[in-house]
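Heads up, the thing below is written out as structure tokens.
The values are calculated or read from the model by the stated rules, or taken from the named source; none is laboratory data. For clarity, every value in this text was computed on a predicted model and none was experimentally measured. As a convention, Cβ positions derive from the backbone with ideal geometry for all residues, glycine included, and neighbour counts pool all protein chains shown. We work out accessible area using only protein heavy atoms, side chains counted, and drop any ligands, DNA or RNA first. Shrake-Rupley method; radii C 1.70, N 1.55, O 1.52, S 1.80 Å.
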Amino acid sequence: MKYLDEYRDPLLARRLLEELRRTATRPWRIMEVCGGQTHTLVRQGIDELLPVGMRMVHGPGCPVCVTPLETLDRALAVAARPGVILTSFGDMLRVPGTDTDLLSLRARGADVRVVYAPMDAVRLAAGHPDREVVFLAVGFETTAPANATAVLHASRLGLANFSMLVSHVLVPPAMTALLDDPECEVEAFLAAGHVCAVMGWREYEPIAARYQVPIVVTGFEPLDLLEGVLLAVRQLEAGRHDVENQYARAVRRAGNTAAQDAVRQVFRVTDRTWRGIGEIPCSGLELAGNYREFDAARRFDVGGLCSVEDLECIAGAILTGARLPTDCTAYGTRCTPRRPLGAPMVSSEGTCAAFHAAGRTPTRSTA
């Protein structure tokens, strides 16, 4: 790739759409499992330009959105303690907990800081030995290597005042959980290119074979997504169910083995609760035994938390693709990016935020 515009060429996009219309003989349902892909699809109107009846199902691809409410409430409780510096990526600050959010807590005096990499939190801990520095570590496999590296560096430095509140989630178990649902209508997947840049795509091959669903590793630009959809439809029309790699400029089958080694050294697989969805077995990462000393959940006893979701928010149904944001009675009225009821409206990768930014209304729903 030389220029980003190469992947936004309207003439090439038109040709891909024409080829897609020639290829599709029935209204297939394809899920993208990446919030960045969702935003491109909605912002560019690609989901509305597909052949009649074909539907993009927006999956649980927003790591901020699926971070458990209990984790956020725990982060709020830790951040409220004197002597604590809680660090996080900026998109977590306005996600609503049960009673408040991190941004509001900071306005009331808590030391909550935005960092751009977990190593920033390690440097803070080294520079403030009299303070406890906690990093809120969320995300899919994409952010796990950087978080693992931060823990390894803190361990080498002997930083006893650094810890992580870990809520990593893994994509393949979420896909299998969706496919095991008898009401699931997804017939193919677009796999997230950045996740596969780290992990490769070998772990998707058993899923494609077991459930007989095509999986296409796909990038994030309009032409990436259109080509990914076309590759998936070609497989569906031919009755194939393989893993294909549209994102060849960034992804290899084996992925980044050095990054994988760091993740395996620092983390171990665990069951994880996904906000709005529930517990998915073996779908998360937690700190492994040698690094449990850096586990903020163990270090800080915040007592019994009583986390309660907003009853009006249908985030779970949106995250699994069962509903669209425009199906929610609070969408755009009682729930907006400035005053969100749930994480999908506030996160930069949330489906509700994508629909709202694109001006989608219930009368223009893509259902």
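Filter the chymotrypsin sites (Phe, Trp or Tyr not before Pro) in the range 22-119 to those in DSSP coil with at most 12 other Cβ atoms within 10 Å of their Cβ, and list the result. Walk me through the intermediate numbers first.
On the way: sites: Trp28, Phe89, Tyr116; in loops: Trp28, Phe89, Tyr116.
When the chymotrypsin sites (Phe, Trp or Tyr not before Pro) of the range 22-119 are filtered for loop state and at most 12 Cβ neighbours within 10 Å, Tyr116 remain.
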Considering only Leu17, Leu103, Leu311, give the residue with the highest GNM mean-square fluctuation for the chain, with springs between Cα atoms whenever their separation is below 10 Å. Leu311
1.4 Å probe accessible area per residue over the chain, in Å²: 43 Å²
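Assign unit charges at the C-beta atoms only (+1 for Lys and Arg, -1 for Asp and Glu), then state the dipole size of the chain relative to its Cα centre in Debye, rounded to the nearest 20. It would help to have the intermediate numbers written out before the result.
Working: 39 positive and 43 negative charges, 121 e Å.
About 580 debye.
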Once the piece of chain linking Ala146 and Asp327 is laid out straight, how much longer is it, given 0.36 nm per residue of separation minus the C-alpha distance between them? 61.5 nm
Between Ala248 and Ala107, how many nm apart are label points set 7 Å from Cα along the C-beta direction? 5.1 nm
How far apart, in nanometres, would the label points at Arg339 and Ala117 be if each is projected 7 angstrom from Cα along the Cα-to-Cβ direction? 4.0 nm
I'd like the Kirkwood hydrodynamic radius of the range 42-175, using the inverse of the mean 1/r over distinct C-alpha pairs, in Å. 16.3 Å
In nm, to one decimal, how far is the Thr100 label point from the Glu312 one, both placed 7 Å along Cα→Cβ? 2.2 nm
With everything on Cα atoms, drop me the angle between helix 257-266 and the longest principal axis of the chain, reported from 0 to 90° to the nearest 10. 40 degrees
Heavy-atom accessible area of Asp180 with all protein chains present, probe 1.4 Å, nearest 10 Å²? 90 Å²
Relative packing of peptides 320-326, 164-170 - highest average C-beta neighbours within 10 Å first: 164-170, 320-326
Taking a Cβ-Cβ separation under 4.7 Å as the criterion for a possible partner, which cysteines of the chain have none? Cys34, Cys184, Cys196, Cys282, Cys306, Cys313, Cys328, Cys335, Cys352
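Suppose only helical runs count, i.e. DSSP H with n ≥ 4. What mean residue ellipticity at 222 nm does that imply for the chain under -39500 (n - 2.57) per run, divided by all residues and rounded to the nearest 500 deg cm²/dmol?
About -10500 deg cm²/dmol.
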